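**Q** Got a structure here, written out as structure tokens. Questions coming.
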Amino acid sequence: MAVTTRNNSDKRVIRTKKAIRAALFKIMESKDISSITISELTTLANVNRRTFYTHYNNITDILDETESEIVDAVTAIISHFDSGSLVNSTYTLFLELSKLITEQYGFYFHLMKSDFRGVLVSRMKNVLKASAGKILGHFTITSEEKYVMLMSAFINGGFLNLFLEWNKSGQSVSIETAAKVASVMVDFCVKNVPEITDTLNKTDFTKK
């Protein structure tokens, strides 16, 4: 009986949060988040203020929670990344990220794509950073550590920015094309780390 009660309670919490989130995104279609009040949000969500404050301290908490869910989901996807097959894995990663956003968080990204919150982008970069570092790890023998760190940041940022720009542009090209560009670019950069390192060591940028 206790288990059933807890499950029912969990389902109610999920339904309540879903209603609050949907109401917020609906209002955000016509109003800036800074001007949205708790009263209008709870009225549209059909919940009382006490219920709202049981789950959130303020409206921003709703976005924070959504972003945390996105980051957790991205982390789970990346955990299956196979650096041994870079092109295929990067291609699949792009497709799975797009599927995640489209099926679960499409409306959120639609609202935020014109002005992505720096916090979300930063958190996603940190998740990808660990993966990129792992991919480049075996190049540390031929590359100086400082180069590997910066190259990792470049590849990581490039992949994420390509994904965000593709979404921001209204997905003007097919997902397959975007995924192909991302996978080939990442593969090219990684495979040429030794050559890039050699060029960096040989080039004297102080000369005109």
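The values are calculated or read from the model by the stated rules, or taken from the named source; none is laboratory data. Bear in mind the structure is a predicted one, so any value in this text is a computation, not a measurement. So basically every Cβ, Gly included, is an ideal-geometry build from the backbone, and we count neighbours across all protein chains shown.
**Q** Tell me which of these A2 doesn't satisfy, since it passes every other one: (1) under 27 Å from the mean Cα position of the chain (by Cα); (2) exposed (fewer than 14 other Cβ atoms within 10 Å of the Cβ); (3) at pLDDT below 90.
**A** So A2 meets the others, but not (1).
**Q** If you scan the range 16-47, which residues turn out to be surrounded by 13 or more Cβ atoms within 10 Å (Cβ to Cβ), under 22 Å from the mean Cα position of the chain (by Cα) and outside any helix (DSSP H, G or I)?
**A** Listed by number, the list holds a single entry, M28.
**Q** If we scan the range 120-129, do we find a residue that is at pLDDT 65 or above, among the charged types (D, E, K, R) and either closer than 30 Å to S34 by Cβ or over 13 Å from the mean Cα position of the chain (by Cα) (or both)?
**A** Checked the range 120-129: at least one residue is at pLDDT 65 or above, among the charged types (D, E, K, R) and either closer than 30 Å to S34 by Cβ or over 13 Å from the mean Cα position of the chain (by Cα) (or both).
**Q** Sticking with this one: Among the residues of the range 155-202 satisfying the criterion of being basic (K, R) and more than 15 Å from E96 (Cα to Cα), which is surrounded by the most Cβ atoms within 10 Å (Cβ to Cβ)? Give the steps one after another, and end with the answer.
**A** Here is the first cut: in the range 155-202, the residues basic (K, R) are 168, 180, 191, 202.
Okay, now just the ones that are also more than 15 Å from E96 (Cα to Cα), so 168, 191, 202.
Values: K168: 16, K191: 13, K202: 7.
The residue in question is K168.
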